[in-house]
Amino acid sequence: MGEPFDHGLLEKLEIGLTTALGLVAQSERQAAIAAIDALLEFVVSIPGWERRDLGGPLWQLLTALHDLEFGSVGSMLAPNPAVRNRKPDAGMRKIVKAYALYYVDVLSRSGWSPTEGCGIVARSLQENGFPLGGRIDSPPWKSVKGWRDRFTKLPEGDQTRASYEGLKPHLDSQSPMTKEQAQDFVKGKLREVLSKMGNDVLE
């Protein structure tokens, strides 16, 4: 039998990750560095794990993040040179798009037309500083409608598709709402989502 697990290590890890979470508002990069530090300290504390170099990839990521602090972009964090077309959406932006599509569904279920729902969601995103993209002379609702129209063409592993599929089951559990209630609900939820995801998603 192996050595008994020290549950104090888990408590220490939780404290470290909680501390890192508290740094997000000040610096998302420093928060990530603190979280990785906590994970690495946990890994090297487990007998046998350090000898197997299980923390190796985390050390590489930590080093790359530290290099960024001094203006150096390591290969790990550099953009993929094979991607030559439109700049791909960052992961968090893809997640916001999934929430946008989900909340259009919520609005549609409450009596709004899909076009009206796209408009409500688009305006709410803009009011919270989220850049929609698209043509400057194009109305905001068309950007959200474009996300809906292209959704079925997304690959299976796409972050927007995966996040939307995770949200969709909650639609059936939503309590019935009037159109006005649904509009207020969606605006509040999108504001909450964007505030939790930090400044990177607004770039």
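The values are calculated or read from the model by the stated rules, or taken from the named source; none is laboratory data. Values in this document were obtained by computation on a predicted structure and should not be read as measured data. Here the Cβ positions follow ideal geometry from the backbone for every residue, glycine too, while neighbour counts run over all protein chains shown.
For Arg29, are the conditions met, namely being of a type in the set (D, E, K, R) and touching a residue at least 40 places away in the same chain (Cβ under 8 Å)? In short, yes. Taken over the stretch 91-144, the residue count meeting the criterion of being of a type outside the set (Gly, Ala, Ser) and closer than 22 Å to Glu165 by Cβ is 21. Within the stretch 151-168, does at least one residue satisfy the condition of being among the small types (Gly, Ala, Ser) and more than 18 Å from the chain's Cα centre (by Cα)? Within the stretch 151-168, not a single residue is among the small types (Gly, Ala, Ser) and more than 18 Å from the chain's Cα centre (by Cα). Candidates are the residues of the stretch 87-107 that are outside any helix (DSSP H, G or I) and charged (D, E, K, R); the one that is modelled with the highest pLDDT is Asp89.
Of everything in the stretch 32-68 that is assigned to a loop (DSSP other than H, G, I, E, B) and touching a residue at least 12 places away in the same chain (Cβ under 8 Å), the residue that is surrounded by the fewest Cβ atoms within 10 Å (Cβ to Cβ) is Pro47. Val186 falls short of the stated requirement of being at pLDDT below 90, in a helix (DSSP H, G or I), under 30 Å from Gly22 (Cβ atoms) and in contact with a helix residue (DSSP H, G or I) (Cβ under 6 Å, 6 or more places away or on another chain). Residues in the stretch 143-169 that are within 17 Å of Cys118 (Cα to Cα) and among the hydrophobic types (A, V, I, L, M, F, W, C): Val144, Trp147, Phe151. For the subset of the stretch 10-33 comprising residues that are of a type in the set (S, T, N, Q) and modelled with pLDDT under 85, which member is farthest from Val44 (Cα to Cα)? Step by step, filter the stretch 10-33, then rank; the result is Gln26. Can Leu132 be described as touching a Lys or Arg at 6+ places or on another chain (Cβ under 6 Å), without any contact (Cβ under 8 Å) to a residue 40 or more places away in the chain and not acidic (Asp, Glu)? When the stated conditions are applied, Leu132 does not pass them.
The set of residues in the stretch 133-182 being assigned to a helix (DSSP H, G or I), surrounded by 12 or more Cβ atoms within 10 Å (Cβ to Cβ) and among the small types (Gly, Ala, Ser) consists of Ser143, Gly146, Ala162, Ser163, Gly166, Ala182.
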